[in-house]
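Undergrad: This is the structure I want to talk about, given as structure tokens.
FYI, it's all coordinate maths here, none of it is from the lab. Since the structure is predicted, the reported quantities are computational estimates derived from the model, not experimental observations. Virtual Cβ from ideal backbone geometry, glycine too; neighbours counted across all protein chains shown.
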Amino acid sequence: MMKWVFLRHGQSEANAQGWLSGHVDTPLTTRGEEQAREAKQRCLVWNFDRVFCSDLLRAHRTAELAIAGRDLELVVTPRLRERHMGDWACERLAELRAAGKTDVLVGWDGQPPNGESLSQLAARVLPYLSEIELEGSTTLVVAHGALIRMVLGLVDGLEYADIGPKKIANCEPHFRELPAGFFGALIQRHESSLGLPRSG
């Protein structure tokens, strides 16, 4: 078995100001840094073997604060970046909502102009999680709201339509215990919706 803890970054400037960031770098607010330090205390119950995080500043900084004082190597990777918002990066969520455009963000195949759908995000992220699986490990993944929403939705067997509306709070740890090879099997189960080449 493998133990996984998924942690969304602390409050970012984009979160506080109500705009979509996607791949745009945005720092943590003072509150976001406090949330990351609070997450460190909540995560003390787990003896992590490994820690992976997105290379975007808000996740990278959260991971640094969450594991401060532990003798752990932090693996920083662009493969755990947030969903790409394309032309909607830096757009205010309230304005998109007023224009009736936010259904694109919660649908499984909905895609911001020149950005990623949730299914495309899954096709990008699930192979990486499959690559880093390690039997008997306890792994912390510090990433982003849409990414964690997608992963947990598929792990928990939600219908595609129910994944997009799922809420992931800043710095709330989500624990899952999974059998070895789980993410590889998950990819096979969903490969037709992910647009990945069929195995075998």
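Undergrad: Per-residue HN-Hα couplings for the stretch 135-147, Karplus 6.51 cos²θ - 1.76 cosθ + 1.60 at θ = phi - 60°, whole Hz, x for Gly and Pro?
TA: 3, x, 8, 10, 10, 9, 10, 9, 8, 10, x, 5, 4
Undergrad: Hey, what do the phi angles of the stretch 170-180 turn into as Karplus ³J(HN,Hα) couplings, whole Hz, using 6.51/-1.76/1.60 and θ = phi - 60°, x for Gly and Pro?
TA: 4, 6, 9, x, 10, 9, 9, 10, 10, x, 4
Undergrad: For every other residue with a beta carbon closer than 13 angstrom to the beta carbon of His23, add +1 if it is Lys or Arg and -1 if Asp or Glu, then tell me the sum.
TA: Values: positive: Arg58, Arg79, Arg81, Arg83, Arg124; negative: Asp25, Asp55, Glu82, Asp87, Glu116.
So the surrounding residues net to 0.
Undergrad: Helix-only estimate, please: 222 nm mean residue ellipticity of the chain, summing -39500 (n - 2.57) across DSSP H runs of length 4 or more and dividing by its residues, to the nearest 500.
TA: Values: 9 runs with 80 residues, N = 200.
So the helix-based figure for the chain works out to -11000 deg cm²/dmol.
Undergrad: Cβ neighbours within 10 Å, averaged per peptide: list 80-89, 107-116 in order, most packed at the top. Let's see the in-between values first.
TA: Working: 80-89: 19.9, 107-116: 16.4.
Final packing ranking: 80-89, 107-116.
Undergrad: Under the definition of Cα pairs under 8 Å and six or more residues apart, what whole-number percent is the relative contact order of the chain? Mind showing how you got there, number by number?
TA: Working: 398 pairs, mean separation 65.1, N = 200.
In percent, rounded to a whole number, it is 33.
Undergrad: Now for a separate question. In debye to the nearest 20, how big a dipole does the chain give about its Cα centre with +1 on each Lys and Arg Cβ and -1 on each Asp and Glu Cβ? Kindly include the intermediate steps, with their values, before the conclusion.
TA: Working: 23 positive and 26 negative charges, 45 e Å.
Roughly 220 debye for the chain.
Undergrad: Pull up all non-local amide H partners of Ser12: gap of 5 or more, or a different chain, and H-to-H distance under 5 Å with H placed in the peptide plane.
TA: Thr29
Undergrad: May I ask you to work out the translational diffusion coefficient for the chain at 37 °C, viscosity 0.692 mPa s, via Stokes-Einstein with Rh from the Kirkwood sum over Cα pairs, reported in whole µm²/s?
TA: Details: Rh = 17.1 Å.
Rounded to a whole number, D works out at 192 µm²/s.
Undergrad: Specify the inter-centroid distance of the stretch 136-200 and the stretch 48-127, based on alpha-carbon positions, in whole Å.
TA: Result: 13 Å between the Cα centres.
Undergrad: Name the long-range amide H neighbours of Trp19: under 5 Å, sequence gap of 5 or more, or other chain; modelled H, no Pro or chain starts.
TA: Leu93
Undergrad: Next up: Can you give the local net charge around Ala39? Use residues other than it whose beta-carbon is closer than 15 angstrom to its beta-carbon, Lys and Arg +1, Asp and Glu -1. Before the final figure, lay out each step's value.
TA: On the way: positive: Arg8, Arg31, Arg37, Lys40, Arg42, Arg58, Arg61, Arg70; negative: Glu33, Glu34, Glu38, Glu64, Glu172.
Local charge sum for Ala39: +3.
Undergrad: May I ask what percent, to the nearest 5, of DSSP beta bridges between residues of the chain are antiparallel? Don't skip to the answer; put the middle values down first.
TA: Details: 8 of 22 bridges.
Beta bridges within the chain, antiparallel portion: roughly 35 percent.
Undergrad: Counting only other residues whose beta carbon sits under 11 Å from that of Leu147, what net charge do I get with K and R as +1, D and E as -1? The partial results should precede the final answer.
TA: On the way: positive: Arg8, Arg79, Arg81, Arg83, Arg124, Arg149; negative: Glu82, Glu116.
Cβ neighbours under 11 Å give a net charge of +4.
Undergrad: Using the Karplus curve 6.51 cos²θ - 1.76 cosθ + 1.60 with θ = phi - 60°, work out ³J(HN,Hα) for each residue of the stretch 62-73 in order, rounded to whole Hz, and write x for Gly and Pro.
TA: 4, 4, 4, 6, 6, 10, 3, x, 9, 8, 10, 7
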